[in-house]
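Comments concern the structure below.
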Amino acid sequence: MIKTWAVALVLAVVWGDGVLHAQAVPDGARIEQLTGAKGAMDDKEGVFKVSLPRTDLKVEAVGVHLTPPMGLTCWAAFKRVDEHTVVMGDQVLTQEQVSAVMDIALESGLEVTALHNHFFWDSPRIMFMHVGGMGDEAKLATAIGKLFAKIKETSALGSRSGAAEIDPAKTSLDPSKIEGILGRKGRLDAGVFKVTIGRTTKMSGHEMGNAMGVNTWAAFAGSDERAVVDGDFAMYEDEVQDVLKALRRAGIEIVALHNHMIGETPRVVFLHFWGVGPTAKLAEGILAALKTQRL
C-alpha cells in the first residue's frame with residue numbers, strides 16, 4: 001500500500017466556489033531524503049513534519065532531567081501553498097551552537113524569525129531558533145538538512161565562559177572614535193559608552209518612540225584594542241533579515257530575537273546582540289547593520 005506522503009497530489013473537496021480542486025501535499029519521501037530526518041504526514045492539514053530529537057543533550061533544570069518529548073526536539077514542517085512550499089520550524093541549540101547554525105540558515109535562504117529561551121535554570125543553557133521560508137520544496141528541504149547537519153556537527157562544542165577580561169570600571173576606549181564611525185553622539189557613564197537611536201511606531205493610533213523604548217542602542221566598554229559591545233536593535237519586520245546578516249558578517253553574535261510590544265503598527269522586532277573585539281571593528285559592524293535600515 002502506498003503511503004499517503006508518497007503521493008504528490010491528493011484530491012480534496014473544496015466547495016467555496018462549488019468546484020472540485022486538487023490540493024497539493026509535500027513529497028514526504030523526498031523531504032526525508034534531503035533533510036536526513038524521519039517525518040510524518042498530518043493528513044488533516046496536509047503538513048509533512050520532520051523531527052530531530054536532541055538525544056545527544058543532557059539537560060537539567062532545577063533537578064529535572066529534560067528529554068526530547070519535553071521540548072528538546074528540532075523540527076521543520078512543510079506545507080504546500082499554491083505553487084510554493086512553506087516551511088516553519090524550531091531548532092534546539094546550546095548557546096555555543098547558535099551562531100554557527102544561524103549562519104547556515106541565513107546562507108541557505110531561510111529566515112530566522114525568533115531566538116529565545118523556553119526554560120528557566122537549564123544547564124547547559126538551551127536556546128530555540130525559529131526559522132521559516134517559502135519557495136521551492138527541494139531547496140527548502142535541503143536548507144533544513146544543512147541545519148540538521150550543522151547541529152549534529154557542533155553538538156560537542158564546549159562552553160566559552162571564563163574569567164572576566166573586560167571591566168567597565170577600567171574602560172579606556174576613546175568615545176570619539178565610535179562617534180566618528182557611527183556618525184552619532186553618545187554618552188559615557190560609569191565606564192560604558194552608549195549610543196541610542198530612536199525609532200517610531202503606533203499603538204491605538206498614538207505614536208510611540210525613543211522614550212517609550214522603541215529604540216536601537218549599543219553599549220561599549222573596554223579599550224580600543226579589546227572591547228565589548230552589547231545592545232538591542234529595533235527593526236521593522238522587513239529589516240530583520242538584513243540586520244541579522246550584517247551583524248553576523250561582522251562577527252557579532254545574536255543572543256535574542258523577539259517582540260517587546262503587542263498590537264503596534266508597523267510591527268517592531270527587537271534583536272539583542274553581543275560582540276567582543278577591537279572597538280573600531282565592533283562599531284563598523286553596528287554601522288553596517290544600521291545602513292540596512294530606513295533611518
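The values are calculated or read from the model by the stated rules, or taken from the named source; none is laboratory data. Because the structure is predicted, anything quoted here is derived from the model rather than measured. Methodologically, a virtual Cβ is constructed for each residue, glycine included, from the backbone with ideal geometry; neighbour enumeration extends over all protein chains shown. For accessibility, only protein heavy atoms count, side chains too; no ligands or nucleic acids. Shrake-Rupley method; radii C 1.70, N 1.55, O 1.52, S 1.80 Å.
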Exercise. Assuming residue 173 fulfils every condition listed in (1) closer than 17 Å to residue 287 by Cα; (2) open to solvent by less than 20 Å² (accessible area, probe 1.4 Å); (3) not β-branched (Val, Ile, Thr) apart from one, which condition is it?
Worked result: (1)
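Just to be sure, is residue 193 under 26 Å from the mean Cα position of the chain (by Cα), open to solvent by less than 40 Å² (accessible area, probe 1.4 Å), closer than 16 Å to residue 282 by Cβ and at pLDDT 95 or above?
Numbers: under 26 Å from the mean Cα position of the chain (by Cα): no; open to solvent by less than 40 Å² (accessible area, probe 1.4 Å): yes; closer than 16 Å to residue 282 by Cβ: yes; at pLDDT 95 or above: yes.
Judged against the criteria, residue 193 is not a match.
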Problem set entry | Meets criteria (without any contact (Cβ under 8 Å) to a residue 12 or more places away in the chain and acidic (Asp, Glu)) for residue 174 | no
Exercise. When the residues of the stretch 43-66 are filtered to those that are surrounded by 15 or more Cβ atoms within 10 Å (Cβ to Cβ) and more than 21 Å from the chain's Cα centre (by Cα), which remaining residue is farthest from residue 119 (Cα to Cα)?
Worked result: 46
Seminar exercise, completed: Within the stretch 247-260, of all residues that are touching a residue at least 40 places away in the same chain (Cβ under 8 Å), open to solvent by 10 Å² or more (accessible area, probe 1.4 Å) and touching a helix residue (DSSP H, G or I) at 6+ places or on another chain (Cβ under 9 Å), the one farthest from residue 104 (Cα to Cα) is 255
For this session: Check whether at least one residue in the stretch 212-224 is open to solvent by 60 Å² or more (accessible area, probe 1.4 Å) and polar (S, T, N, Q), and report yes or no.
Result: no
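Out of the residues in the stretch 228-246 meeting the condition of being of a type in the set (Val, Ile, Thr) and part of a helix (DSSP H, G or I), tell me which one is surrounded by the fewest Cβ atoms within 10 Å (Cβ to Cβ).
Step one: filter the stretch 228-246 for residues of a type in the set (Val, Ile, Thr), giving 228-229, 240, 243.
Retained after the next criterion (residues that are part of a helix (DSSP H, G or I)): 240, 243.
Values: 240: 20, 243: 24.
Filtering first and then ranking leaves 240.
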Exercise. Which of the residues belonging to the stretch 94-120 are open to solvent by less than 50 Å² (accessible area, probe 1.4 Å) and β-branched (Val, Ile, Thr)?
Worked result: 94, 98, 101, 104, 112
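Is it true that residue 91 is open to solvent by less than 10 Å² (accessible area, probe 1.4 Å) and either of a type in the set (Phe, Trp, Tyr) or in contact with a strand residue (DSSP E or B) (Cβ under 6 Å, 6 or more places away or on another chain) (or both)? Working first, answer last.
Details: open to solvent by less than 10 Å² (accessible area, probe 1.4 Å): yes; either of a type in the set (Phe, Trp, Tyr) or in contact with a strand residue (DSSP E or B) (Cβ under 6 Å, 6 or more places away or on another chain) (or both): yes.
When the stated conditions are applied, residue 91 passes them.
Here is a yes/no grid of residues against (1) within 17 Å of residue 52 (Cβ to Cβ); (2) buried (at least 17 other Cβ atoms within 10 Å of the Cβ); (3) in contact with a Phe, Trp or Tyr (Cβ under 8 Å, 6 or more places away or on another chain); (4) free of Cβ contacts under 8 Å to residues at least 60 places away in the same chain:
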residue: 137; (1), (2), (3), (4): no, yes, yes, no
residue: 144; (1), (2), (3), (4): yes, yes, no, no
residue: 169; (1), (2), (3), (4): no, no, no, yes
residue: 182; (1), (2), (3), (4): no, yes, no, no
Exercise. Can you tell me which of 76, 6, 29 is at pLDDT 90 or above, open to solvent by 30 Å² or more (accessible area, probe 1.4 Å) and of a type in the set (Gly, Ala, Ser)?
Worked result: 29
Problem set entry | residue 239 being at pLDDT 95 or above, of a type in the set (Asp, Glu) and under 20 Å from residue 107 (Cβ atoms) | yes
